[in-house]
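Right, one structure below, let's go through it.
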Amino acid sequence: MKNQTYHINAPVTRTIAQVSDLHNKDGQPVLASLRQHSPDIIVISGDLVMGRKTREEKIIMEEEKNILPFLYGCVQIAPTYLSLGNHEGSLCDEDMDILASTGVTVLDNRWIERDGLLIGGLTSAIATNFGQFRKKNNTENPINEKNLKPYQSSRSHSMRLFPDSTWLDTFEHQPGYKILLSHHPEYWCIQEPMLINRHIDLVLSGHAHGGQIRFCGHGLFAPGQGCLPKYTSGIHEGPYGRMIISRGLANTAKMIPRLFNPRELIYIELG
Ligand SMILES: [Fe+2]
């Protein structure tokens, strides 16, 4: 695992640790780094869980044993904020209650303000859509094929799903330095809501896993972007703010190995 640090000019002074795409991996090495760096804030930009593969009548929080020890470890280090990625679509209401009981603040299409810093969480369109699907079908847990339907849809279908971004109209006009956790980097300027056009100082994304295989500074593939994706890593400047993309802390792609692409824990020094 590689630690990557970015220094960003900002009217507030904070050290922020960005955890992304842990996917129920052992979080202890991440916690060791966090304890060493002692950030002011920890943000988790989605895909904390693996989620969707369960076939037993267990909730995800019972099945995925690495999640809760990791979150309890995080909140002992710093206030921790979680935004929901596509894999969090598997979480039922009971899972969400257990997540919140750890002391982590879940930002499900909302924001909080702390001492001049606003932190928002834009939930993945897939998670939002799947949650609505489950409510419509009156089922809490994705334990059968029917309930997994939105996850088994094609990439083109996923591209037609939209996140609930209406609240960003208010968020972007709030006073203070604005950070938005947005799991999908394609929301920056490939797919609605085109965050590049909003007055958001810093967007923090993940999801692309660095493009799985990296050559000459470029990734090979990313979900939502396809082959030779543009947004898989690093810092990207827009007219009103910038986006940092984490390469993530796990590998979930079955068919494509992760090569020349170390797992990444990001530290952002604001000030
Ligand atoms: Fe993802």
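Bear in mind these aren't lab numbers, they're just calculated from the coordinates by the rules spelled out. From a predicted model like this one, the values you see are computed outputs, not experimental measurements. Reconstructed Cβ throughout: ideal geometry from the backbone, glycine too, with neighbour counts over all protein chains shown.
Applying 1/(1 + (r/R0)^6) with r as the Cβ-Cβ distance of Ile190 and Val75 and R0 = 25 angstrom yields a FRET efficiency of 0.15.
Using the Cβ-Cβ distance between Lys65 and Glu237 with R0 set to 41 Å, the FRET efficiency from 1/(1 + (r/R0)^6) comes to roughly 0.55. Going through the cross-link list Lys25/Lys135; Lys2/Lys230; Lys58/Lys136, which pairs have a Cα-Cα distance over 27 Å in this structure? Result: Lys25/Lys135 exceed 27 Å.
Here the extension length gained between Thr15 and Gln28 equals 2.6 nm, from 0.36 nm per residue of separation less the Cα-Cα distance. Rounded to the nearest 0.05, the FRET efficiency derived from the C-beta distance between His7 and Ala100 at R0 = 51 Å is 0.95. Name the shape class, rounded, prolate or oblate, that the alpha-carbon gyration tensor gives for the range 2-270, where a ≥ b ≥ c are the square roots of its eigenvalues, rounded holds for a/c under 1.5, and otherwise prolate holds if a/b is larger than b/c and oblate otherwise. It comes out rounded by the Cα gyration axes. By DSSP, the beta bridges lying fully in the chain are antiparallel in about 35 percent of cases. Ranking of Trp188, Trp167 by neighbouring Cβ atoms within 10 Å, starting from the fewest: Trp167, Trp188. Subtracting the Cα-Cα distance of Phe215 and Trp167 from their residue separation scaled by 0.36 nm leaves 13.5 nm.
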